[in-house]
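This report refers to the structure that appears directly beneath it.
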Amino acid sequence: QCSTSEQLGFHIHAQLKLCKDGEEQTLPAGIGIKENRCIYWLHTHDTPGIVHIESPTQRDYTLGNFLNIWGKPITDKSIADMSIGIGQLVRAYVDGKLFDADISTIKLLNNETISLQVGPPFAEPTPTPVPSATPVSSPTAQASPSASPAATAIGTRTP
């Protein structure tokens, strides 16, 4: 939802890292902020990849929610702002662990790092400390299905 002011009843931060062909990409500043109009409950202020979750009440928000606000929903040809070439794979990691389910369902949780990668090559996912918000309450950690990063691909684009 887009409000005329920030909502701080529920306030947490998650980090979103983007990596294409082994190279880190920049998450743009100002996603979810419509200057002089409104600010979405999921937004970025600057470019270090911090997603601010600021809503009047606690509830689960997902990566899919954020990507839709950004206007970059997941398709078979792109994820976030990264194109998926023929034969390329998409991998998602949450705090360094492979997430092998529907990427759009990844919950945005306090102080977690989500890494979206298109490759190969792939970069070793490294969680980075996320600047703390003062959450009114914080959702519990999500269950990440476990799998070997070398053996599991989330999706492959074919011709």
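The values are calculated or read from the model by the stated rules, or taken from the named source; none is laboratory data. Fair warning: this is a prediction, and the values are worked out from it, not measured in the lab. Positions of Cβ are backbone-derived with ideal geometry, glycine not excepted, and every protein chain shown enters the neighbour counts. The accessibility values were calculated without ligands, DNA or RNA, using every heavy atom of the protein model including side chains. Shrake-Rupley method; radii C 1.70, N 1.55, O 1.52, S 1.80 Å.
Do you know which residues across the range 12-34 are in a strand (DSSP E or B), open to solvent by 50 Å² or more (accessible area, probe 1.4 Å) and closer than 18 Å to Thr128 by Cα?
Passing the criteria: Glu23, Glu24, Gln25.
Here's a check for you: in the range 44-92, which residue that is assigned to a loop (DSSP other than H, G, I, E, B), among the hydrophobic types (A, V, I, L, M, F, W, C) and more than 14 Å from Ala29 (Cα to Cα) is most open to solvent (accessible area, probe 1.4 Å)?
Ile86
Got a sec? Which of Phe99, Phe122 is among the aromatic types (Phe, Trp, Tyr) and either open to solvent by 50 Å² or more (accessible area, probe 1.4 Å) or modelled with pLDDT under 90 (or both)?
Checking each option against the conditions leaves just Phe122.
I need every pair where a residue in the range 40-53 that is over 14 Å from Thr113 (Cα atoms) has its Cβ under 8 Å from the Cβ of a residue that is of a type in the set (Val, Ile, Thr) and open to solvent by 60 Å² or more (accessible area, probe 1.4 Å), sequence separation at least 6 or different chains.
From the range 40-53, the pairs are Thr47/Thr26.
Conditions first: (1) open to solvent by 30 Å² or more (accessible area, probe 1.4 Å); (2) at pLDDT 55 or above. Ser138 passes all but one, so which condition is the exception?
(2)
Mind telling me which of the residues Ser104, Ser115 ends up being modelled with pLDDT of 95 or more, surrounded by 21 or more Cβ atoms within 10 Å (Cβ to Cβ) and among the polar types (S, T, N, Q)?
Testing whether each residue is modelled with pLDDT of 95 or more, surrounded by 21 or more Cβ atoms within 10 Å (Cβ to Cβ) and among the polar types (S, T, N, Q) leaves just Ser115.
Every residue in the range 65-114 that is touching a Cys at 6+ places or on another chain (Cβ under 9 Å) and within 22 Å of Ile53 (Cβ to Cβ), please.
The one that is touching a Cys at 6+ places or on another chain (Cβ under 9 Å) and within 22 Å of Ile53 (Cβ to Cβ): Ile69.
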